[in-house]
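Quick note: the coordinates plus some simple rules give every number you see, no bench work behind them. Just so it is clear, the model here is predicted, and its values are computed rather than measured. All Cβ positions, even for glycine, are placed from backbone atoms using ideal geometry, and neighbour counts span all protein chains on display.
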Amino acid sequence: MKAKAAGGKAAARTKAAPKKATAAKAARADAPAPDGERDRGDRSKRLLDLVMLLLRARSPVTYREIREQFVAYQTSNVEAGLRAFERDKADLLELGVPIRYITPEEDDSLEDGGYVIDVKRFRMPEVRLTADEVSALVLAASVARAIPGGTYPKIVDLALKKLAFDLPEPSDTPTEFPRPSGRPRDTVLVHFPEKPGASAMGENVAILEPAIRFRKRVTFSYTAAGNGVKTMREVDPYALAYREGAWVLVGWCHLRKEIRSFRVDRMGDTQMAPKPKSPDFERPESFDVRTYVSRSPWTFASEPPEPVELEFRVEAADTAAEDFGEAAEKRTVGDTTFVRFACTNPDFAASQVLKAKGAIVVREGARLKKRIADELAAIGGRYA
């Protein structure tokens, strides 16, 4: 009898052992980790995953669905898992994540209540800067970005990308700041110099930026790229833009009687007309700086037009497909393309012909032919 009783007690202890082990495991799951939080990384990931789950959901998410997605809530003691979820939810609310519980009474399409994130309260409103705030930002960022040997350029780029509209261009593209009105003529494009020593250019920009905003005429001396000749210009400034490694002013030139581009680093003695609150001109409603700066260099006007015909052989087919202006005439014979257009930028045309190494032939255009011949003679003289 005693042996039988002892065997029964042993069997009872054996049967009870799994229950005790399960209870101990549940207690360990609900107990805090040593040192406050041993798995902070896992918990941070869980909080982020919980936010993403609720943001992606199209309807309120029940706790049952949440529990199925997270191992931390799948404790044998259901109450322990629920307490873990409530702690996570409280932390997210403290961090400013607006989690709400929607009951079936609030939404009669629901069978069970569920959790959502109030997207309107969660997302930050759009940042709108005034013109003066933009100017101050540009000035401060230019100084910080020009400091050599530091991490400021990367930090400035990241900050401006968060505040500005991104353009799908390489890293050296301008940053575009939004104006309150959002019209194309209110757009200002700015370039931040990579290296210090651009104080003269900075002084010009400091004058040109308010002149554009207040629509004030500017005067300056301008040094031509080809011959170094200086001329005095009077310009109605429309916009600042970055193009092919240079910061340029786009505006109506009273000397040439048309819209022209001026490299800021070739400008000197820049002055803005007095009385800044009295506009001197109105920008044309059709003017869009983005369209203007995206023009093909073939259409730039640096000299009086000359009728030119170019022959593009198959090796230069990509160049033949470029924009030569609305009045250009193109015809194709086999693999060869012929283009007739009014050449107003002979420096660029000559450089393209020389770069093509014979794949572009000048059929008509005496002035352009002479310019190319002079370039070749100068090169030959250098290496004779």
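What the table shows:
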quantity: Translational diffusion of region 306-383, µm² s⁻¹ [Kirkwood Rh, Cα pairs; Stokes-Einstein; 25 °C; 0.890 mPa s]; calculated: 191
quantity: Inter-probe distance in nm under a simple model that places probes 7 Å from Cα toward Cβ, at Asp318 and Ala373; calculated: 3.2
quantity: Peptides ranked, highest mean first, by Cβ atoms within 10 Å: ranges 344-352, 111-119, 51-59; calculated: 344-352, 111-119, 51-59
quantity: Entries in Lys257/Lys369; Lys216/Lys277; Lys257/Lys370 that, when Cα-Cα distance is taken, lie over 19 Å; calculated: Lys257/Lys369; Lys257/Lys370
quantity: Mean Cβ neighbour count within 10 Å, used as a protection proxy, ranking 282-291, 214-223, 65-74 highest first; calculated: 214-223, 65-74, 282-291
quantity: FRET E, pair Ala57, Thr291, Förster distance 41 Å, beta-carbon r, rounded to 0.05; calculated: 0.45
quantity: Which listed pairs, of Lys45/Lys120; Lys45/Lys89; Lys230/Lys355, have C-alpha distances above 20 Å, in listed order; calculated: Lys45/Lys120; Lys230/Lys355
